[in-house]
1. With +1 on the Cβ of every Lys and Arg and -1 on the Cβ of every Asp and Glu, and nothing else charged, how large is the dipole of the chain about its Cα centre, in debye rounded to the nearest 20?
2. Under 20 Å Cα-Cα from LYS392, which lysines qualify once same-chain neighbours fewer than 8 residues away are excluded?
3. Restricting attention to segment 231-306, which GluC sites (Glu not before Pro) occupy a DSSP loop and are surrounded by at most 10 other Cβ atoms within 10 Å?
4. If each of ASP377 and ALA90 carries a label point 7 Å out from its Cα toward its Cβ, how far apart are those two points in nm?
5. Can you work out the base-10 log of I(q)/I(0) for the chain at q = 0.06, 0.08, 0.12 1/Å, using the Debye formula on its C-alpha atoms alone?
6. If you roll a 1.4 angstrom probe over the protein chains with everything in place, what fraction of the accessible area of the chain belongs to carbon and sulfur, to the nearest %?
7. Placing +1 at every Lys and Arg Cβ and -1 at every Asp and Glu Cβ, with all other atoms neutral, what dipole size does segment 254-298 have around its Cα centre, in debye to the nearest 20?
8. Quick one: helix 400-409 against the long Cα principal axis of the chain, what's the angle to the nearest 10°, folded into 0 to 90?
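The values are calculated or read from the model by the stated rules, or taken from the named source; none is laboratory data. Values in this document were obtained by computation on a predicted structure and should not be read as measured data. A quick note on method: Cβ atoms are made from the backbone with ideal geometry, for glycine too, and the neighbour counts reach across all protein chains shown. Surface areas here come from the heavy atoms of the whole protein model, side chains and all, with no ligands, DNA or RNA. Shrake-Rupley method; radii C 1.70, N 1.55, O 1.52, S 1.80 Å.
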Amino acid sequence: MPAQSRTSVAIVGGGPGGIGAAIALSKLPFLQVTLFEKNPEPREAGAGISLSTNAWKVLDLLGASEGVKGGSKQNTYQRNAYTGKVISIAEHPENSAGEHRGSIRARRTRLQRELLSKVPEGIIQYGKKLIRQEDLPTAGVGLHFQDGTYFVADLVIGADGLHSVVRRTLFPDHELRFTGNTQWRVLLPKALLAHLPDITSATGWWWGEQGHVYFSDVDDETETDDPYFEITVRSYIEEFTAGETVSWGIPASNAKVASRVLQFDERVQQAVGAVPEGQWREFSAYAGPRLAEIIGWNKVALVGDASHPLSGAFGSGATFAMEDAWILSRALEHTHLSSEPIKNALEIFNHIRTPYYDRMCGSHLHQQCPSEGGDFDDFLQAKVDMFINGDKDFIYKNDIEKVWREYLQEGQAKL
Ligand SMILES: Cc1cc2nc3c(=O)[nH]c(=O)nc-3n(C[C@H](O)[C@H](O)[C@H](O)COP(=O)(O)OP(=O)(O)OC[C@H]3O[C@@H](n4cnc5c(N)ncnc54)[C@H](O)[C@@H]3O)c2cc1C
């Protein structure tokens, strides 16, 4: 199909949501897809990423699951951070040795590399920071970039993450707030920690009153003799300093991170102390209310963190972003011969994904915040229960292909 007769789609942002959208949409011959990423080259801040059944499902659909490998989560230990006492051990029997299709923790760069390898040549433009978009009265959306360039698209997909410019333009009253949570993350050779008892033998959560520390493999040890390991230190009580730049992937000193675990078990302090200076990266967690709609102007859709600023809640946001992208592509394929293909597709996308986020936030997000009162043991139990109790299969076992099939069977599938 000649380029000028195709519908032009601009994806803003090259995270899992944007790249997932680029893969899925570039398979539709009636679309002309361009992805604009602000960074000058592929970049991925952060350390590891957890992938469960829901992730494998959507990665399969994108044709991008084969090369994603990581550390298998055989057992997960929840501990009291001060005494090291084991509160619970969750076993993952599906993660038999050598099986990488259960729950894994992978390097973020590994996921990104695999996704990028599936994007056709010529679709991604780097160094393109969106600063403003406008609803053009005739048709389409005008995109203004920091480098002074301008682009007009029939459909815009805002995949520009938590601090989305696309979302801000559509919903200027929507505000993010600092949650008080800050994380410091690092990947380091596992060998540096091997002498510390109980640190590298399993995935570990060490829960304290004002924060926790998380330890995990991130490499498949059948692939390498020098596997890396992740440490994340999280504090729940950081102060917000007005006017300060949002910290996202900026370096943090060893002294700063060590000061957050001073009361923790000696093994945790030693593990944190084993990190070479200059390696820690700091991430401040911002979150915002759920949006009632994740579409706008009949020609803009929000995917991933741009659409649901959950700030890492549920530890599955990359998967949500790819699921959004895949559903949007199915909807566009489905409506493409209708009288108003973009508008109809966006309504379907919104109809399927908004209730899903509603269910997550409404019925489950409160479990992230154990109620006030009670002693430390109650607090600890509530944190641990959050992991092992409650039905979260609708998240971690979500089969996005089935969701689409069910939509078609609802009998109200819009054309
Ligand atoms: C601490 C933490 C831990 C997490 N752990 C997990 C986990 O274990 N598993 C999991 O699945 N998820 C996890 N998440 C969530 C996950 O990281 C996000 O949900 C996911 O990255 C969202 O993908 P996205 O594509 O929507 O946005 P992002 O990954 O944020 O990507 C947005 C992209 O847009 C680009 N961009 C931004 N603004 C502009 C602009 N103006 N113009 C052009 N480009 C722009 C950015 O450079 C970036 O490349 C975690 C999140 C946090 C904060």
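1. 740
2. LYS57, LYS73, LYS383, LYS402
3. GLU239, GLU244, GLU277
4. 2.3
5. -0.25, -0.44, -1.00
6. The nonpolar share, carbon plus sulfur, comes to 49 percent.
7. 40
8. Tilt relative to the chain: about 40 degrees.
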